[in-house]
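See below for the structure under consideration.
The values are calculated or read from the model by the stated rules, or taken from the named source; none is laboratory data. This one's a predicted model, so the numbers in the text were calculated from it and none came from an experiment. Quick reminder, even Gly has a Cβ in these numbers, built from the backbone with ideal geometry, and neighbours come from all protein chains shown. The area values use the complete protein model at the heavy-atom level, side chains included, leaving out ligands, DNA and RNA. Shrake-Rupley method; radii C 1.70, N 1.55, O 1.52, S 1.80 Å.
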Amino acid sequence: MNTPPSADRIEQVSFGFMASKVLFSAIEFGLFTELAKESLDGAEIQKRCGLHPRGVRDFLDSLVAVGMLERRGEFYSNTSETDFYLDRAKPTYIGHYIEIQSLRGYQLFGAISEALRTGEPQNEIKSGDEDWVDAMYRTPERLRFFLKGMTGHSLPSAMEIAQKFPWDKYRTFTDIGTAEGCLPVRVATAHPHLVGEGFDLPAVRPFFDEYVASFHLQDRVKFRVGDFFKEPLPAADVLVMGMILHDWNLDVKITLVKKAYDALPRGGALIVYDHLIDGERRKNIAGLLMSLIMLVETQGGFDYTGADCCKWMREAGFSETRVEQLTGVESMVVGIK
């Protein structure tokens, strides 16, 4: 008698949304911030987070099972990762991005079937309302939340770029679409000889200035007002585009890469980092799912492979290109002019 195949993988994937929501709830309750102070038992966690006793044990042990908490006896504590990235008191907190995923991405992804049938975005554009990004830039508190989310999105890769790129060969850099300035801060902190800029729309400036000042880097990291669609990119030894290209269709991607080439000096570098899809399109599920997020959220955006980006860079005129892994889910493409 033949042994039937296991259904384990199918079931694990089908439960995936539940694991995500458990993590989202833990961040909402401030659980990781409380556990950063001290290990706690379930009764104390219930009290501090305002939870009902019925589900506490299963909730906490689910977080243990998915690797978000550790448990010794009856006491729970953060893992090294959740302590570093999900404690709101730390400058390395990335929870704002996960909150965006909970409040927005989770809801939009519920319409993925419709997006796959129609090829159309499933956000406000679908009903003829104003694009949510455009509306947000006129609402300071919403903009602050979004920019903090982009800091959370960029931070792991920004820390890797600060270490892996040969910054000692260069003197100046500009981060295109900088948001709060996460990447300039990480790079400037690691390399005191560098002078950097963040390039973004005027409404972003006060948030950028506040963030940079919190690291006491305002003497070396400045804000430059600009719109990368309407004007040339700033001149610098290194230009960085993080989580930018995947928002746009192929023609815009190619145009932005060419604008970067035109702005760089001979020997200058362009760094593009994103959730790059692996070359065989089999392994980096984060890159593939992010591309589906672009399907429901944008009118033409999609994620891409490192080989795709290298091709766009070579067509723009870059003489040398390479792909480097940054984190488990994100990579960078480097082009040298």
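Observations on the model:
- Selection status of Arg138, touching a Phe, Trp or Tyr at 6+ places or on another chain (Cβ under 7 Å), touching a residue at least 60 places away in the same chain (Cβ under 8 Å) and basic (Lys, Arg): no
- Residues in the stretch 260-300 that are part of a helix (DSSP H, G or I), closer than 21 Å to Ile336 by Cα and open to solvent by 40 Å² or more (accessible area, probe 1.4 Å): Asp262 alone.
- In the stretch 72-101, the residues that are under 17 Å from Phe146 (Cβ atoms) and modelled with pLDDT of 95 or more reach residues that are of a type in the set (D, E, K, R) and assigned to a loop (DSSP other than H, G, I, E, B) with C-beta atoms within less than 8 angstrom, at least six apart or across chains, in these pairs: Tyr93/Asp87; Gly95/Arg88.
- The single residue among Phe302, Phe318 that is in contact with a helix residue (DSSP H, G or I) (Cβ under 7 Å, 6 or more places away or on another chain) and under 19 Å from Pro166 (Cβ atoms) turns out to be Phe318.
- One residue alone among Ala158, Ala115, Ala162 is touching a residue at least 12 places away in the same chain (Cβ under 8 Å), under 27 Å from Lys37 (Cα atoms) and in a helix (DSSP H, G or I), and that residue is Ala158.
- Residue pairs whose Cβ atoms lie under 7 Å apart, separated by 6 or more positions or on different chains, with the first residue in the stretch 238-259 and at positive phi and the second among the small types (Gly, Ala, Ser), are Met243/Ser154.
- Exactly one residue out of Pro192, Pro202, Pro234 is loosely packed, with under 14 Cβ neighbours inside 10 Å and more than 22 Å from the chain's Cα centre (by Cα), and it is Pro192.
- The condition (being among the aromatic types (Phe, Trp, Tyr) and not in a helix (DSSP H, G or I)) is satisfied by just one residue among Tyr93, Tyr106, Tyr97: Tyr93.
- Output for the stretch 242-283, where each listed residue is out of contact with any helix residue (DSSP H, G or I) (no Cβ under 7 Å at 6 or more places or on another chain) and closer than 12 Å to Gly335 by Cβ: Ala260, Leu264, Gly267, Gly268, Ala269
- Condition check for Lys47: part of a helix (DSSP H, G or I), touching a residue at least 60 places away in the same chain (Cβ under 8 Å) and open to solvent by 50 Å² or more (accessible area, probe 1.4 Å): no
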